[in-house]
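Below is one structure, written out as structure tokens, with a few remarks after it.
The values are calculated or read from the model by the stated rules, or taken from the named source; none is laboratory data. All values reported here derive from a predicted model rather than from experimental measurement. Because the Cβ atoms are built from the backbone with ideal geometry, glycine has one as well, and the counts that use them run over all protein chains shown. Heavy atoms of the whole protein, side chains included, go into the accessibility calculation; ligands, DNA and RNA do not. Shrake-Rupley method; radii C 1.70, N 1.55, O 1.52, S 1.80 Å.
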Amino acid sequence: MRTTPIIEMEKRFDPKSYESHWQNEWAAKEYFVCAVPADLSAQGAQQPYCIMIPPPNITGKLHMGHALQSTLQDLLTRWRRMQGRNALWLPGTDHAGIATQLMVERDLAKAGQSRQDLGRERFLERVWAWKEQYQGNIRKQLDLLGASCDWTRERFTLDEGLSRAVREAFVRLYEEGRITRGEYLVNWSTGLDTAISDLEVEMRPAKDKLWKIAYPIADSKERVVVATTRPETLLGDTALAVHPDDERYRHLLGKQAVVPIAGRLIPFVADESVERGFGTGVVKVTPYHDMADFETGRRHGLPGIQVIDRKGLMTAAAGAEFAGLDVEAARELVLVKLRAAGLLVHEEDYLHNVGFCQRSGVRVQPLMSTQWFCDVSAMAAQALAAQQDGRLELVPASWGKTWEHWLQNIRPWCISRQLWWGHQIPAWYDEAGRCFVARSREEAAAQAGHDRLTQDGDVLDTWFSSALWPFSTLGWPEKTADLAYFYPTSVLITGFDILFFWVARMAMMGLHFTGQSPFARVHLTGLVRDAEGVKMSKTKGNVLDPVDLVEEYGADAVRFTLALLDSPGRDIPLDPERMAGYRAFGNKIWNATRFALSKVGDTQVPTSIGYARLALPERWILSRLSETAASVDAALEEFRFDIACRDLYHFFWSDFCDWYIEMAKSGLDPGGERLLVKEVLLLTLDRALRLLHPVMPFLTEELWQKLPGHEAIHPQTICLSAYPAPEAAWILSSAETEEMVRFRETVTIVRNERADRKLTHRDKAELYLQSAKSEVPHSEVDAIRFLTSESVQRLLSSMAGIRKVLVAEPPPGVANRHIRDGVSLSVRFDVVVEAVDPEKLRLELTKCEENIVKVRARLESAEFVAKAPEAVIAGARKNLETLELERARLRAVLEMDSQAG
RNA sequence: GGGCGCUUAGCUCAGCUGGUUAGAGCGCUACCUUCACACGGUAGAGGUCCCCGGUUCGAGUCCGGGAGCGCCUACCA
């Protein structure tokens, strides 16, 4: 027999000492590389499980949101992999059109250059060089977090394969008549010099002014007053609108107004969109510079006049003295002239919502422009139906209404962008201006009958390629084995902030092109905020960097914290203090393992256990282990990562460390050995580490590899070992559960008595037991027999400092008498003890009496007794009994102490 | 204007289909350097569950109304 072996483990764990080692090892051994099974019909063929990473921007750095989502994706992937699924987590990056182009342009600007100086071709070379430089960053950061991606399948949205998918999708949608090219009023960003989609417009309150301007009526002395926030656009007015039922203005219908300054005559139109109560009830209509007016103009067949150009400058159509002025200057000049003409009636401060370009921050300028549009109405109906009939489940389900509302009110998607970095639109024009949409230049030439073609200079909205991500990454439009096997994917995890940008569009495209929802379930996470709940932003300086956090707390603590804080439908306030707490949890796991290894000698991790030979403490921890395995599984099935982590934490720290290891100690002592304690210790530790592995992969691998005989569980790695399943046979019987409760209560009573007297664990005590009633039912005999048994006495000795358990009347002077299930327990300390603080006792007594009143009142209510279920009534009765006994004890202690004092 | 969510201990949050004296982490207090762990142990203090009303034997939990906060959405110029 070996005595205490030397365990070469530090007292404090140090994540840095092993995290990168294991990440390298896992990558080198290709544990996470997935393959389609050769024979899908074979018995025991693995079921696929697939998650597509929401591709981070290629030039980007991972932020806390990525860290959160990656943690959850990895957690699910590792869990399913251990459950035996062929689990693929496919990584990749997004070319992020505008974001990336802006970064490179900013870099160019430092050298005093613009992209136009370089020209399209050389500029794109520059961007590709950037891409090469940054590509590896994302992987490095995911590796740091412990991500178990299959990097052999890494994809990039501008890869040849994905680009082919983009062209294919575009051409098919064009052929179906869903994609069209035309001139419409679009959201124009003068900051980016491109059109943007509705989603990229951010509505923000802006402090403006509301001006009231008088328009003379033609052939009349009358004037009509109009309210506007944009007087400069009156140069492009083509009508004035009033509500059809507005008595004040009915007589004007059919007449004409004179546009101030411009002098043009414009008609009055009656339109129901006009709010009679706002302003004067008369609206100027500028179809080419206002979204609402565009619609009004269409309804009434009004022409439009473009007075502002794509740079935000006034056009010649605005008049010679305005042409070339920017909007602000033009406004001032218009106001000066109106004042001079006596037509400016009123001016007031005005707060209203205005559209800003999300990316560049400038005010969006509605502008007439020729763009490509995708009519998504039919696809939206599909996406809506999929959600409603359950093919696509949103978690939390509360997002359903938002989903419905957006899809029901969807408008055409402007998909062209006046940028260079991205998928160039697969449309070619000949000298005659004819347009040929085709999969390649050759195909377009074949259509045209000649090769004198120029490709459309615009690129597609980045989200167009992202929308194809779940299947373009698997080889679509080819009918690949990957696509057949892994598609549709199992789960999507992403932030609610891109529900429309990305999730809805993937659903639409996926359903349209493959006939299947691209994912069965979508888990939408909240936003990661700072400790005070404030949104992280560079300007506020409260941004936490996942890389820094991993450096400080270790990846496992970061992961555990993020997963634990992910409660459904809630944002995540991230306090680094909290991470320190879960780093301590890592240390706890480390030291529990260290303890076990120092005690088990040559014992190997058992693969099965002789359950019938086990004593109560061993049975109890196996029962808790089994319950935990069940609850963690159930929680993960529902994406309740918070519950899963809490249960694991509680099981490991409270059940395993605080109770089981303490109980195991006496069972390991020479002379008092219980059967199979070492085996159970190792078995529990092995399974606990495996249960924890999906959320804390590094620590668990490091420790699991140290367990003697772990190779029998899996020859190589915990990553591929089986996830522990609940064992129904290990659940304690109710009689055994009662015994365990009794034992724990007894320990707590003794500890309380000791603490009340400010004694230390060195002050030993005797425990006196008696039946509390004159007649002694069986259960109490059992209870006393249990508490006086040798094994329990040994446990009470090591855990509660009880020297001896006696069945006898406590000696005089011992007033404390706790009654539990008909057994009275009194603790007598060896040392002369101080009286318990009477103030505290009186407080307890008061509380106790209040409760007695409450419970008694309930039991005396006839209705309660008549209508409440049996169990609840019995519970209340028992409760009352316990409270009354407690009251008696407190009174006795108080009385005795007062006599003594 | 429409929709959604939140309001529970000093802080950040759990509380499933209503059922004993409402929980966790951190923080706080007291005692303990006990041979796995001071990133520890034991014990403890701390809450009119936002307000009002209703249903019920019983409401943090269900229903109605209100207040405050947050987010999404929207053609009152």
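Here is how the number arises for chain A: DSSP H runs of 4 or more residues each give -39500 (n - 2.57), the sum is divided by the residue count, and the result at 222 nm is -13500 deg cm²/dmol.
Cross-link reach is defined here as a Cα-Cα straight distance under 20 Å, omitting same-chain residues fewer than 8 places apart; for A:LYS284 the lysines meeting it are A:LYS209, A:LYS212, A:LYS221, A:LYS255, A:LYS337. Over all other residues within a Cβ to Cβ distance under 13 Å of A:GLU202, the charged ones net out to 0, with Lys and Arg as +1 and Asp and Glu as -1. If you take the charge dipole of chain A about its Cα centre, with +1 on Lys and Arg Cβ and -1 on Asp and Glu Cβ, which of A:VAL127, A:GLY449, A:PRO488 is farthest toward its positive end? Checked the options; the winner is A:VAL127.
When only alpha carbons are used to place a centre, the range A:575-645 and the range A:734-761 end up 23 Å from one another. Evaluated with a Cβ-only charge set (Lys, Arg +1; Asp, Glu -1), the range A:278-364 carries a dipole of roughly 280 debye about its Cα centre, given to the nearest 20. Listed by chain and number, the lysines placed with their C-alpha closer than 27 angstrom to that of A:LYS854 are A:LYS773, A:LYS840, A:LYS867, A:LYS878; residues fewer than eight positions away on the same chain are left out. Taking amide H as placed 1.01 Å from N in the peptide plane, A:VAL823 has its amide H under 5 Å from the amide H of A:ALA772, each at least 5 places away in sequence or on another chain. In loop segments of the range A:422-498 as defined by DSSP, the trypsin sites (Lys or Arg not before Pro) with at most 16 further C-beta atoms inside 10 Å of their C-beta are A:ARG434, A:ARG439, A:ARG452, A:LYS479.
Farthest towards the positive end of the charge dipole of the range A:119-183, among the residues A:ALA169, A:GLY182, A:LEU158, is the Cα of A:GLY182, using unit charges on the Cβ of Lys, Arg, Asp and Glu. Rounded to 0.05, the FRET efficiency of the A:ARG646 and A:GLN46 pair, given R0 = 35 Å and the Cβ-Cβ distance, is 0.70. The charge dipole of the range A:57-178, taken about the Cα centre with unit charges on the Cβ atoms of Lys, Arg (+1) and Asp, Glu (-1), comes to about 300 debye, rounded to the nearest 20. Looking at the range A:679-814, the accessible area is 42 square angstrom per residue; that uses a 1.4 Å probe and ignores ligands, DNA and RNA. Loop-located GluC sites (Glu not before Pro) in the range A:789-844 (DSSP state other than H, G, I, E, B) with a sparse environment of at most 15 neighbouring Cβ atoms within 10 Å: A:GLU834. Annotation note: GluC sites (Glu not before Pro) in the range A:650-711 located in DSSP loop regions with a Cβ neighbour count of at most 13 within 10 Å are A:GLU673. Only lysines eight or more places from A:LYS131 in sequence, or on another chain, were considered; those with a Cα closer than 24 Å are A:LYS61, A:LYS110, A:LYS140, A:LYS538. Please report the spacing between the Cα centers of the range A:392-469 and the range A:311-364 in Å, no decimals. What the calculation gives is 34 Å, centre to centre. Stokes-Einstein, applied to the Kirkwood radius of chain A over Cα pairs at a viscosity of 1.002 mPa s and 20 °C, places its translational diffusion at 64 µm² s⁻¹.
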